[in-house]
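Structure record follows, encoded as structure tokens.
The values are calculated or read from the model by the stated rules, or taken from the named source; none is laboratory data. If you're wondering where the values come from, they're calculated on a predicted model, not measured in any experiment. No Cβ is skipped: glycine too gets one built from the backbone with ideal geometry, and neighbour counts run over all protein chains shown. Side chains included, ligands, DNA and RNA excluded: accessible areas come from the protein's heavy atoms. Shrake-Rupley method; radii C 1.70, N 1.55, O 1.52, S 1.80 Å.
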Amino acid sequence: MTMHQQLSSRLSSRITGVAAGLASVVGAGLIGVPAAVISETGSAAILTWIVAALACVPMLCLFRDTVVSRPESRDPLRDTVRSGLGRTAGDMVPLLFGIVVLVGLPAGSVMAARNLSAITGSALPESVTAIAILAVAVATNLLGKHVGHQVERIGTVALILSLAGVVVWSTLHSQRVPEIFPDGGDVLLVPVGFMVAFWAFIGFENLTFLARDLPDPKREFMPIALTSLGLLLLLTTSLTVAVLVLTPRADPVTGVVDALRTTPYGDAAALVLAASGVVGMLLNSVAWVRGVGLVIDSAARDGILPHSVAGRDALNPRRAITIMSCGFAISLVLLQQKPTLVIDMLAAASGVFIVIYTLCILAYVRAFGLRVSTVANLALVPFLLWSLASSGWRAAFPLAAVLIAWVIVRVGVRRTSVPEMHEARLP
């Protein structure tokens, strides 16, 4: 291979990785969270986004170290938790991620569909759009990773261009000079806004599942992760500015759309924004269906789940994805019967994420010892636990998820230990 071909291959790999990284974190909430941050922090909104992005860097170091230290691992996060907290805790991790996507992706898809219906006034049931999002995500991954990569590349470009168009349109029709630099009073609101903004960055751990798609994870993981983080920060701050040039205060739920509708042809601009939310949710679903499909397949190969869940090809977990699609169907039926559960389900998925992050951080500290990156991650644990405690009764779901995962792991341990004991007694 010539030098030119090597550079071309590396560039293509980086682009594919960045598309997967951005797809792992964008979603339906991208078009709503900026307004919520503005509502909470006012003129300190931009500063809040920067602080939230910087808080992600220690976690990216955690994910990088898990991948680099275990280059042959099918599930680096699971193995890191195993080494730090023991086998049972480690084996619970892929099951917890499975619970997250089975609840979170259907709820996110319904949210994207609801935003689209609200803006367009369409009579099309939101469940139809939600089913279409998840069906395309599942079908894309069943066709193979190369199709998924292509969808992520095209979708990422389309998402960035459409959101850039919305921002430019808003800026061209600005009605005020935005308050980019916070005043003294609003600076004090940054911690409150941080709790809202931080969850817009959830999802980078999916890159640890997808690292096996990279030719050289040790060299490429961190540049890809940081580039994806930078792009997401650019999108969120740009949307924040797009609102601030139109109004000083925004409704925490509909603020972005309300601001766009004050511009000429505002309904058309709002439609582009709603369509961007659907595209973002589709990209998120494509990335997470593949990522969690890989860890579920790996868990089956290692005896945590029944071996029948694993398919023939470890790099194309079609059987695990098919099983996951059945779980999506159950969640969508539940949301069809009780549409008001969508926020509760999103909060429940976030609660399970908090549990996973806490396990990963504690294991990271024990496995790698005290260093700058481990101490920085450890400092996030009080915030994570505070967020979980403040969710009230919704904290029951992540606790139930932990119990379910523990039971499945313990049953798996007993199932595999019986043959081992029998074999040990043979002469």
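For the range 159-167, indicate whether the set of residues that are under 18 Å from the mean Cα position of the chain (by Cα), within 18 Å of residue 286 (Cβ to Cβ) and open to solvent by less than 50 Å² (accessible area, probe 1.4 Å) is non-empty.
Yes: one or more hits.
Considering only the range 212-238, state which residues are part of a helix (DSSP H, G or I) and over 19 Å from the mean Cα position of the chain (by Cα). The answer is 217, 218, 219, 220, 238.
Please enumerate the residues belonging to the range 141-154 that are buried (at least 21 other Cβ atoms within 10 Å of the Cβ) and under 18 Å from residue 102 (Cβ atoms). Answer for the range 141-154, where residues must be buried (at least 21 other Cβ atoms within 10 Å of the Cβ) and under 18 Å from residue 102 (Cβ atoms): just 141. With the condition kept exactly as written, say whether any residue in the range 50-59 is without any contact (Cβ under 8 Å) to a residue 24 or more places away in the chain and either over 16 Å from the mean Cα position of the chain (by Cα) or outside any helix (DSSP H, G or I) (or both). Yes, the range 50-59 contains a residue that is without any contact (Cβ under 8 Å) to a residue 24 or more places away in the chain and either over 16 Å from the mean Cα position of the chain (by Cα) or outside any helix (DSSP H, G or I) (or both). One residue stands out in the range 344-370 among those that are without any contact (Cβ under 8 Å) to a residue 60 or more places away in the chain and aliphatic (A, V, I, L, M): the one that is surrounded by the fewest Cβ atoms within 10 Å (Cβ to Cβ), namely 370.
Restricting the search to the range 259-289, which residues are open to solvent by 20 Å² or more (accessible area, probe 1.4 Å), touching a residue at least 40 places away in the same chain (Cβ under 8 Å) and out of contact with any Gly (no Cβ under 7 Å at 6 or more places or on another chain)? 262, 264, 267, 271, 275, 278 - these are the residues of the range 259-289 that are open to solvent by 20 Å² or more (accessible area, probe 1.4 Å), touching a residue at least 40 places away in the same chain (Cβ under 8 Å) and out of contact with any Gly (no Cβ under 7 Å at 6 or more places or on another chain). Pairs are defined by a Cβ separation below 8 Å, a sequence spacing of at least 6 or placement on different chains, a first member in the range 393-412 that is over 18 Å from residue 344 (Cβ atoms), and a second member that is open to solvent by less than 80 Å² (accessible area, probe 1.4 Å) and acidic (Asp, Glu); the pairs so defined are 409/91; 412/91. Taking the conditions (1) at pLDDT 90 or above; (2) in contact with a Gly (Cβ under 9 Å, 6 or more places away or on another chain) in turn, residue 349 satisfies each one other than (1). Before we move on, is residue 339 surrounded by fewer than 21 Cβ atoms within 10 Å (Cβ to Cβ), more than 16 Å from the chain's Cα centre (by Cα) and not basic (Lys, Arg)? Yes, satisfied.
In this structure, is residue 104 buried (at least 20 other Cβ atoms within 10 Å of the Cβ), in contact with a helix residue (DSSP H, G or I) (Cβ under 8 Å, 6 or more places away or on another chain) and at positive phi?
So residue 104 does not fit the description; no.
Taking the condition within 19 Å of the chain's Cα centre (by Cα) and over 30 Å from residue 129 (Cβ atoms), does residue 82 pass? Taking the combined requirement at face value, the residue does not satisfy it. Within the range 42-49, not a single residue is touching a helix residue (DSSP H, G or I) at 6+ places or on another chain (Cβ under 9 Å) and over 23 Å from residue 187 (Cα atoms).
If you scan the range 242-256, which residues turn out to be open to solvent by 40 Å² or more (accessible area, probe 1.4 Å) and either among the aliphatic types (A, V, I, L, M) or without any contact (Cβ under 8 Å) to a residue 60 or more places away in the chain (or both)? Within the range 242-256, 253 is the sole residue that qualifies. Kindly indicate whether residue 319 is open to solvent by 10 Å² or more (accessible area, probe 1.4 Å), of a type in the set (Lys, Arg), modelled with pLDDT of 85 or more and assigned to a helix (DSSP H, G or I). So residue 319 passes the test. When residues in the range 186-210 are screened for being more than 21 Å from residue 294 (Cα to Cα) and open to solvent by 10 Å² or more (accessible area, probe 1.4 Å), 12 of them pass.
Of the helices (runs of 4 or more DSSP H) lying entirely inside the range 127-210, the ones with 1 or more residues being in contact with a helix residue (DSSP H, G or I) (Cβ under 6 Å, 6 or more places away or on another chain) and without any contact (Cβ under 8 Å) to a residue 24 or more places away in the chain are found at 145-172. Whenever a residue of the range 7-20 is open to solvent by less than 70 Å² (accessible area, probe 1.4 Å), its partners that are outside any helix (DSSP H, G or I) and at pLDDT 75 or above, lying with C-beta atoms within less than 9 angstrom and at least six residues away or across chains, give the pairs 9/215; 13/214; 13/215; 13/216; 16/214; 17/214.
Evaluate the following for residue 140: is it within 30 Å of residue 267 (Cα to Cα), β-branched (Val, Ile, Thr) and modelled with pLDDT of 85 or more? In short, no.
If you go through the range 31-47 one residue at a time, do you hit one that is outside any helix (DSSP H, G or I) and open to solvent by 10 Å² or more (accessible area, probe 1.4 Å)? For the range 31-47, residues outside any helix (DSSP H, G or I) and open to solvent by 10 Å² or more (accessible area, probe 1.4 Å): present. In the condition set (1) over 27 Å from residue 131 (Cβ atoms); (2) modelled with pLDDT of 90 or more; (3) open to solvent by 20 Å² or more (accessible area, probe 1.4 Å), residue 404 is compliant with all but (1).
Just one of 213, 183 is open to solvent by 20 Å² or more (accessible area, probe 1.4 Å) and within 30 Å of residue 364 (Cβ to Cβ); which is it?
213
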